[in-house]
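*Asks:* First, the structure itself, so that you have it in front of you.
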Amino acid sequence: MCKSRMDYLSTVVFPRAAADGAFGPGAEYVSFRAVDCGGAILDDYQFASDIVFGTVTLTGSEWPAGGVPVVVKMKNADSRMAAMMNMHEKFYNEYVFYTRLLPMLAASAADPAAVFALFPRFLYSNVTLDGGTDGGQQQVIVLANLAPTGYRANNQKVFLDVGHVQLALRKLGALHGLSYNAKAADSSRAGPTFANLCTASLVETQWFNGHWYMSPRFLSGTGNRGVNALRDSDTDGKYAAPLARVQATLSGESETMKELLRPAEPLAVLCHGDFCRNNLLYRYDVATGRPMDVAVIDPAQARYASPAIDLSFFLYMNTSDADRVANWDVYVAAYLDGVAEVTPAGRAVPLTAADVHAEMRAHGLYGYAHCSFFLPAMVNAVPPDVERLTKSTSDERIQLINESGGQEADRLLASILRHMADRGYV
């Protein structure tokens, strides 16, 4: 992180944050010291933002005398990368999520503190939708750092074991279940409905110049890789019909994605939008090494949509084919347990296993679409060459994605489509 950015944090951001009450009434800023603890909770695949870890020292505050451990998110210093990733929009959505939508979920919950505890504590942001001056380089999101309390990224790079998956799904179920509580409270609350607040507040992060991920053929260009791989191995033609349906759906390109993302009531929820292993921090039992809790980070792609948007991406991205076959219904049950945990006593749980499967049939291809370009990068021998991607044309970018991960990526994408066909989702 360049010195000018560090000076900016020390002389502008944190003095202003303290003056604005980010650290509580009466807190006065003393100093900020950057520390190198990112490896404790992040890895090489967190490249979209520039991250600074540090400690803010204050006087007259509720915080410990040793200072406040913080994480500062700043937009990627490479302006091409920031533009390619729609960082202005993503930072704005994350700011909206923490300051407008999460408080609305908490207001309808029996335990508001538990709602806020799903995510790191939000402290301060100066984000605006237009990005401000200097290409948005001076805009930040400041959160409490969870590393000192034992949270870190799981060391399984892609595929999580059963315990990690179940814990994450219960938290996801709780997050989605809170949306149903908020919608149930619409009639007793002044102002817009929860659904309208979400759709009016959040901005689009996946469309670039009218196309999904910059290209008029990105969906078919990356999605047909798995179709072709499964077709090549399908010697008896068992999957010919579902593969034909998938290929026809992929040919709809951006219009297909719009339909997959279109919210349908009464089951639409506030989705995280990028719910996967890379955005989860686990806390472990010191004696056994078992995961005891999980916090969710980076709701920058939050949107109001089907719960299958989050479920399909997480379950197809972070579980192996054998695990899905063995435990799919167990995982659906874990998710529904999370929904039930936040549903008020005396009210029927608003989602059933049959509902989940119906949502997967209608919207689950979203998860496969994202896995088509993200999973190859994660199983590749080295992290993505971000600089090369930023300089590529849209067709070159598709080619680079399809070359990433080799035959292992082919096999994994084919296994997702095989599972979707076997479950009747495609």
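*Asks:* Using the Cα gyration tensor of the chain, with a ≥ b ≥ c the square roots of its eigenvalues, what is the shape: rounded (a/c below 1.5), prolate (a/b larger than b/c) or oblate (neither)? Each step should come with its number before you reach the end.
*Replies:* Details: a/c = 1.68, a/b = 1.35, b/c = 1.24.
Because a/c hits 1.5 or more and a/b exceeds b/c, the chain counts as prolate.
*Asks:* Give the shape of region 173-321 as rounded, prolate or oblate, defined through the alpha-carbon gyration tensor: a ≥ b ≥ c are the square roots of its eigenvalues, a/c under 1.5 means rounded, and otherwise the shape is prolate if a/b is larger than b/c and oblate if not.
*Replies:* On the way: a/c = 2.09, a/b = 1.27, b/c = 1.64.
Taking the square roots of the gyration eigenvalues as a ≥ b ≥ c, region 173-321 is oblate.
*Asks:* Ordering Glu341, Glu94 by accessible area with a probe of 1.4 Å, largest first, what comes out? Intermediate results must be reported in sequence, preceding the final value.
*Replies:* Values: Glu341 125, Glu94 0 Å².
Heavy-atom accessible area, descending, gives Glu341, Glu94.
*Asks:* Considering only the other residues whose Cβ falls under 11 Å of the Cβ of Val342, what net charge follows from Lys and Arg at +1 and Asp and Glu at -1?
*Replies:* Working: positive: Arg170, Lys171, Arg347; negative: Asp111, Asp337, Glu341.
Net of charged neighbours comes to 0.
*Asks:* Accessible area per residue of the chain at 1.4 Å probe, in Å²? Please report the intermediate quantities before stating the final value.
*Replies:* Details: 17240 Å² over 426 residues.
I get 40 Å² per residue for this part.
*Asks:* Something else about it: Rounded to the nearest 500, what is the chain's calculated 222 nm mean residue ellipticity when only DSSP H runs of at least 4 contribute -39500 (n - 2.57) each, over all residues? Please list the in-between numbers first.
*Replies:* Values: 18 runs with 198 residues, N = 426.
Helices in the chain give a 222 nm mean residue ellipticity of -14000 deg cm²/dmol.
*Asks:* Could I ask something else about it? Calculate, in nm to one decimal, what Tyr8 and Tyr284 gain on full extension: separation in residues at 0.36 nm each, minus their alpha carbon distance.
*Replies:* Numbers: separation 276, 0.36 × 276 = 99.36 nm, distance 3.53 nm.
Roughly 95.8 nm would be gained on extension.
*Asks:* Once the other residues with Cβ under 13 Å from the Cβ of Leu389 are scored (Lys, Arg +1; Asp, Glu -1), what is the net sum?
*Replies:* On the way: positive: Arg80, Arg388, Lys391, Arg397; negative: Asp78, Asp385, Glu387, Asp395, Glu396, Glu403.
So the environment of Leu389 carries a net charge of -2.
*Asks:* Right, here's the next one. Could you list which residues have their amide H under 5 Å from that of Asp293, counting only those 5 or more apart in sequence or on another chain, with H placed in the peptide plane?
*Replies:* Arg283
*Asks:* Can you list the aspartates and glutamates whose alpha carbon is less than 18 Å from that of Lys183, not counting same-chain residues fewer than 8 positions off?
*Replies:* Asp111, Glu265, Glu341, Asp355
*Asks:* Right, something else. Using the Karplus curve 6.51 cos²θ - 1.76 cosθ + 1.60 with θ = phi - 60°, work out ³J(HN,Hα) for each residue of region 291-303 in order, rounded to whole Hz, and write x for Gly and Pro.
*Replies:* Result, ordered by residue: x, 10, 7, 9, 10, 9, 10, 6, x, 6, 10, 4, 7 Hz.
*Asks:* If I take R0 = 30 Å and measure r between the Cβ atoms of Ala354 and Ser187 in this structure, what FRET efficiency does the formula 1/(1 + (r/R0)^6) give, to the nearest 0.05?
*Replies:* Numbers: r = 27 Å, r/R0 = 0.89.
Efficiency, from the Cβ-Cβ distance: 0.65.
*Asks:* State, as an integer percentage, the relative contact order of region 300-389 based on alpha-carbon contacts under 8 Å between residues 6 or more apart.
*Replies:* Relative contact order, region 300-389: 47 percent.
*Asks:* Search the structure for amide H atoms under 5 Å from the amide H of Tyr304, placed 1.01 Å from N in the peptide plane, and list their residues when 5 or more places away or on another chain.
*Replies:* Here Cys271 satisfy the definition.
*Asks:* What angle, in degrees between 0 and 90 and rounded to the nearest 10, separates the Cα long axis of helix 353-363 from the longest principal axis of the Cα atoms of the chain?
*Replies:* For 353-363 against the chain, the angle is about 80 degrees.
*Asks:* Hey, another quick one. Which residues does the label zone of Glu259 cover in region 197-234, counting backbone N under 17 Å from a point 7 Å along Cα→Cβ?
*Replies:* Hits in region 197-234 for Glu259 at 17 Å: 212, 217-221, 223-224.
*Asks:* Count the net charge of all other residues whose Cβ sits under 13 Å from the Cβ of Ala200, scoring Lys and Arg as +1 and Asp and Glu as -1. Please report the intermediate quantities before stating the final value.
*Replies:* On the way: positive: Arg100, Arg303; negative: Glu204.
Residues close to Ala200 contribute a combined charge of +1.
*Asks:* Classify region 78-155 as rounded, prolate or oblate from the Cα gyration tensor: take a ≥ b ≥ c as the square roots of its eigenvalues, call it rounded if a/c is under 1.5, otherwise prolate when a/b beats b/c and oblate if not.
*Replies:* Numbers: a/c = 2.50, a/b = 1.53, b/c = 1.63.
Oblate.
*Asks:* Going through region 53-131, which trypsin sites (Lys or Arg not before Pro) have at most 15 other Cβ atoms within 10 Å and a DSSP loop state? Before the final figure, lay out the partial values.
*Replies:* On the way: sites: Lys73, Lys75, Arg80, Lys90, Arg100, Arg121; in loops: Arg121.
Answer in residue order: Arg121.
*Asks:* Can you pull the percent of the chain's accessible area that's carbon plus sulfur, 1.4 Å probe, other chains left in place?
*Replies:* Values: 9230 of 17240 Å².
Ligands and nucleic acids excluded, carbon and sulfur reach 54 percent.
*Asks:* Next up: Which one, Leu102, Met81, Phe53, is farthest towards the positive end of the dipole of region 47-111 when Lys and Arg carry +1 and Asp and Glu -1 on their Cβ?
*Replies:* Met81
*Asks:* With an 8 Å Cα cut-off and a minimum separation of 6 or more residues, compute the relative contact order for the chain in percent.
*Replies:* Details: 696 pairs, mean separation 76.1, N = 426.
Relative contact order of the chain: 18 percent.
*Asks:* Could you pull out every residue, at least 5 positions away or on a different chain, whose amide H is within less than 5 Å of the one on Phe208? Hs are placed 1.01 Å off N in the peptide plane, and Pro or chain starts have none.
*Replies:* Tyr213, Met214
*Asks:* For region 282-361, which trypsin sites (Lys or Arg not before Pro) are in a loop by DSSP, counting at most 16 other Cβ atoms within 10 Å? Spell out each step's value before the answer.
*Replies:* On the way: sites: Arg283, Arg303, Arg324, Arg347, Arg361; in loops: Arg347.
When the trypsin sites (Lys or Arg not before Pro) of region 282-361 are filtered for loop state and at most 16 Cβ neighbours within 10 Å, Arg347 remain.
The values are calculated or read from the model by the stated rules, or taken from the named source; none is laboratory data. Keep in mind the model is a prediction, meaning the values are calculated, not measured. Note: ideal-geometry Cβ built from the backbone for every residue, glycine included; neighbour counts use all protein chains shown. In case anyone asks, the SASA skips ligands and DNA or RNA and just uses the protein heavy atoms, side chains included. Shrake-Rupley method; radii C 1.70, N 1.55, O 1.52, S 1.80 Å.
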